[in-house]
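Visitor: Shown below is the structure under consideration.
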Amino acid sequence: MVSLVSSRVPAPEASAPAPRRRGSIARNRRRLGIAYTTPMAVLVAVFFVIPLGLMLWMSVNHWPLVGVSAPNGVENYDALSDPLFLRAVWFTVKYTLVTTVVLGVVAFGLALLVQHDRPGTGVARTVFFLPSAVGLASTSLLFYGLFNTDSSALNHLVGFLGFGRVDWLGSGGGALGSTVGMITWRFAGFYMLILLTGLQSIDPALYEAARIDGATRWQILWRVTLPLLRPTLALAAVLSLTGSLLAFDQFFILTGGRHDTATVVIDIYREAFLSQDLGRAAAVSVATLAVLVVLNVAQLRLIRREGR
Amino acid sequence: MIRGVGRYVTSAALAVLFLLPLLWTLYSSLTGREAGDSGTDNYRRLAEYGTGLGTYLLNTTVVALVAVVVTVVTTTLGGYAMARLAFPGRNVLFLVTLAILMVPYTTILVPLYILLGWLGLQNSLIGLGLVMAVLQLPFGLFMMRNSFEALPIELEEAALIDGCSVGGALRRVLLRGVLPGVVTIALFSFLAAWNEFVAPLIFLTDGEKFTLPVALFNLQSGSLGSVDFGALQAGVVVSALPCVAVFLVLQRYYVRGFTSGALKG
């Protein structure tokens, strides 16, 4: 496994005869190292480090979208007790849990289905993955059409099964279910691919041994596959949890946040560009960021420990 | 035997289910709203929407191009330096760059909006492209550092002994070895930039600067009650087609991104 911080550096000493020359080569390589990483360092500083600092500063300022800003202490953090925000938090958490479970189960099923190289599995993998190449915004617009036109394939299918007309996005629960369905279609192949890399790293000899010991398929799944897949499952869970907690495109496009389907990021967007209060938006951002960093660190710790 | 058939039927049924939304959208974009209308009408209305489909396609291409070029150039140089050169601040820069992964970018969009204003890059496709590139840096840097580390050190030494400078060896010899990594990064970066929605929604204020996803969103939400579904579906096809095509051609490289361990940080 490659370590996180590299210590492998070529030793130019071997090819340099004189000590004086050796020093100049090392200095030269040091200078090159700085020159080669400068563009990246500038980008990271300007578009990442400075905005982070600016976000903290904005969160303690009255900062209208247009006009002059002035420090106002922790007043902006009142936004965190706003009922609209609390409802957004509750909805986001609900959506995240449902999505992660549904997506995990479907992706795992797909991965099991196509894990062995048989005729046709290559095509199946490609097809399952194909929706992941389509952008999330395009996917949402595509499903907006599927849900809202009477002649769509989806509504035809439902009609054919005799369910009558379904209002896919007309209520909070309906919109949640419809969106989770869409997200599953869009991301199942992506998580399938992640789980496949985990499945394929399991030593086939272990399955063989379990079979010889008389284990059933079900026992092998529970006692061999799942425990060995835990680090990969944890990784998939991290990606799904953090992705879903930051959901924006799907609800912004499908419901516009109506029927109490506004997520935390939609709330940030509303504070910033509808209420035109960037200070409050920054305060909500700081809180969201803190929660996600804590979550990320905890989960990464878990993965590291499990990975050993 | 029966199990094999069951697996085959399940896979086929699921494949149809996964393809259906795409195929239906393609099909309905090609058929008219009413009898007598032909599918080309959908595409004609789409082409004439707003400041014109051509403008939106060009804008999206500019953003994707800036993102891809900046990501590839900076992470190739940076990845090489991280793998092969010792210089002060190397580990700090590596960790700070990886920290971008820990910070969800949607939370720094508001300060970025202000910052881009200070830099004169608000409402600018270049500014948007740069932000999109920065988001790809952690993955790209990790991928390129690993790619350079995987090359035998003798390859570089041979080039240096033959009289290449460090930069010459990188350009003439090593670049060929890390080409698969470069293609992978370019692919991820292209897909992300082409499809991005929230960043252009916030950063771009002029209708004629809009990227395709934002323009299509306006087509959907701008006319409440009477959405032109035909044109919308044509738009979805136009925006998805390049991604699907690029993915099908470069699939191998995409999967490489998963198995390289870069995703695991």
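The values are calculated or read from the model by the stated rules, or taken from the named source; none is laboratory data. The model shown is predicted, which means the values in this text are computed figures rather than measured ones. Neighbour counts are summed over all protein chains in view; Cβ atoms, including those assigned to glycine, are modelled from backbone coordinates with ideal geometry.
Visitor: Given the residues B:T55, B:T61, B:T31, B:T74, which is the only one that is modelled with pLDDT under 90 and of a type in the set (S, T, Y)? Talk me through it step by step, then tell me what you get.
Guide: Numbers: B:T55 fails: modelled with pLDDT under 90; B:T61 fails: modelled with pLDDT under 90; B:T74 fails: modelled with pLDDT under 90.
On inspection, the qualifying residue turns out to be B:T31.
Visitor: Does the stretch A:102-115 include one or more residues that are under 24 Å from B:L187 (Cβ atoms) and free of Cβ contacts under 8 Å to residues at least 40 places away in the same chain?
Guide: No, the stretch A:102-115 has no match at all.
Visitor: When B:P111 is evaluated against the numbered criteria (1) of a type outside the set (F, W, Y); (2) under 22 Å from the mean Cα position of the chain (by Cα); (3) at pLDDT 90 or above, which criterion, by number, is the only one it fails?
Guide: (2)
Visitor: Go over the candidates A:V49, A:V60, A:V42, A:V66 one by one and state the one that is exposed (fewer than 15 other Cβ atoms within 10 Å of the Cβ) and farther than 30 Å from B:T75 by Cβ.
Guide: Working: A:V49 fails: farther than 30 Å from B:T75 by Cβ; A:V60 fails: exposed (fewer than 15 other Cβ atoms within 10 Å of the Cβ); A:V42 fails: farther than 30 Å from B:T75 by Cβ.
Just one listed residue meets the conditions, A:V66.
Visitor: Residue pairs, Cβ under 6 Å, 6 or more apart or interchain, first in the stretch A:27-43 and more than 8 Å from chain B (Cβ to nearest Cβ), second charged (D, E, K, R). List them.
Guide: From the stretch A:27-43, no pairs qualify.
Visitor: Just need a number here: residues in the stretch A:170-217 that are crowded, with 21+ Cβ neighbours inside 10 Å and either polar (S, T, N, Q) or in contact with a His (Cβ under 6 Å, 6 or more places away or on another chain) (or both).
Guide: Residues flagged as crowded, with 21+ Cβ neighbours inside 10 Å and either polar (S, T, N, Q) or in contact with a His (Cβ under 6 Å, 6 or more places away or on another chain) (or both) within the stretch A:170-217 amount to 3.
Visitor: Tell me, which helices (runs of 4 or more DSSP H) lie completely within the stretch B:151-203 with 1 or more residues that are over 30 Å from B:L128 (Cβ atoms) and aliphatic (A, V, I, L, M)? Give the derivation first.
Guide: On the way: elements: B:153-161, B:166-169, B:179-195, B:198-203.
Result: B:153-161, B:166-169.
Visitor: Can you go through B:T51, B:T97, B:T75, B:T40 and tell me which one is in contact (Cβ under 8 Å) with a residue 60 or more places away in the chain and farther than 19 Å from B:K209 by Cβ?
Guide: One residue alone meets the criteria, B:T75.
Visitor: Hey, does the stretch A:243-259 have a residue that's surrounded by fewer than 16 Cβ atoms within 10 Å (Cβ to Cβ) and more than 10 Å from chain B (Cβ to nearest Cβ)? Spell out the reasoning first.
Guide: First, the residues of the stretch A:243-259 that are surrounded by fewer than 16 Cβ atoms within 10 Å (Cβ to Cβ): A:256, A:258.
Next cut, more than 10 Å from chain B (Cβ to nearest Cβ) only: A:258.
Yes, the stretch A:243-259 contains a residue that is surrounded by fewer than 16 Cβ atoms within 10 Å (Cβ to Cβ) and more than 10 Å from chain B (Cβ to nearest Cβ).
Visitor: Of all the helices (runs of 4 or more DSSP H) wholly in the stretch A:80-148, which have at least 2 residues that are within 12 Å of another protein chain (Cβ to nearest Cβ), within 14 Å of A:S244 (Cβ to Cβ) and modelled with pLDDT of 95 or more?
Guide: Working: elements: A:83-113, A:121-129, A:136-148.
Hits in the stretch A:80-148: none.
Visitor: Residues in the stretch A:291-307: is at least one more than 17 Å from the chain's Cα centre (by Cα), of a type in the set (G, A, S), at the interface with chain B (Cβ under 10 Å from one of its Cβ atoms) and exposed (fewer than 15 other Cβ atoms within 10 Å of the Cβ)? First the steps, then the outcome.
Guide: Within the stretch A:291-307, the subset more than 17 Å from the chain's Cα centre (by Cα) is A:301-302, A:304-307.
Remaining after also requiring of a type in the set (G, A, S): A:307.
Those left that are additionally at the interface with chain B (Cβ under 10 Å from one of its Cβ atoms): A:307.
Next, from what is left, pick out any that are exposed (fewer than 15 other Cβ atoms within 10 Å of the Cβ): A:307.
Within the stretch A:291-307, one or more residues are more than 17 Å from the chain's Cα centre (by Cα), of a type in the set (G, A, S), at the interface with chain B (Cβ under 10 Å from one of its Cβ atoms) and exposed (fewer than 15 other Cβ atoms within 10 Å of the Cβ).
Visitor: Name the pairs whose Cβ atoms lie under 6 Å apart, with the first residue in the stretch B:163-188 and over 15 Å from B:T75 (Cβ atoms) and within 14 Å of chain A (Cβ to nearest Cβ), the second surrounded by 15 or more Cβ atoms within 10 Å (Cβ to Cβ) and among the charged types (D, E, K, R), and 6 or more positions between them or separate chains?
Guide: Once the first residue is over 15 Å from B:T75 (Cβ atoms) and within 14 Å of chain A (Cβ to nearest Cβ) and sits in the stretch B:163-188, its partners that are surrounded by 15 or more Cβ atoms within 10 Å (Cβ to Cβ) and among the charged types (D, E, K, R) give B:A169/B:E156.
Visitor: Select from the stretch A:156-182 the residues that are closer than 14 Å to B:L17 by Cα and in contact with a helix residue (DSSP H, G or I) (Cβ under 8 Å, 6 or more places away or on another chain) and list them in ascending order.
Guide: Correct list: A:M182 only.
Visitor: Within the bounds of the stretch B:210-218, is there any residue that is surrounded by fewer than 18 Cβ atoms within 10 Å (Cβ to Cβ) and within 12 Å of another protein chain (Cβ to nearest Cβ)? Break it down stepwise before answering.
Guide: So in the stretch B:210-218, the residues surrounded by fewer than 18 Cβ atoms within 10 Å (Cβ to Cβ) come out as B:218.
Next cut, within 12 Å of another protein chain (Cβ to nearest Cβ) only: B:218.
The answer is yes, given that some residue of the stretch B:210-218 is surrounded by fewer than 18 Cβ atoms within 10 Å (Cβ to Cβ) and within 12 Å of another protein chain (Cβ to nearest Cβ).
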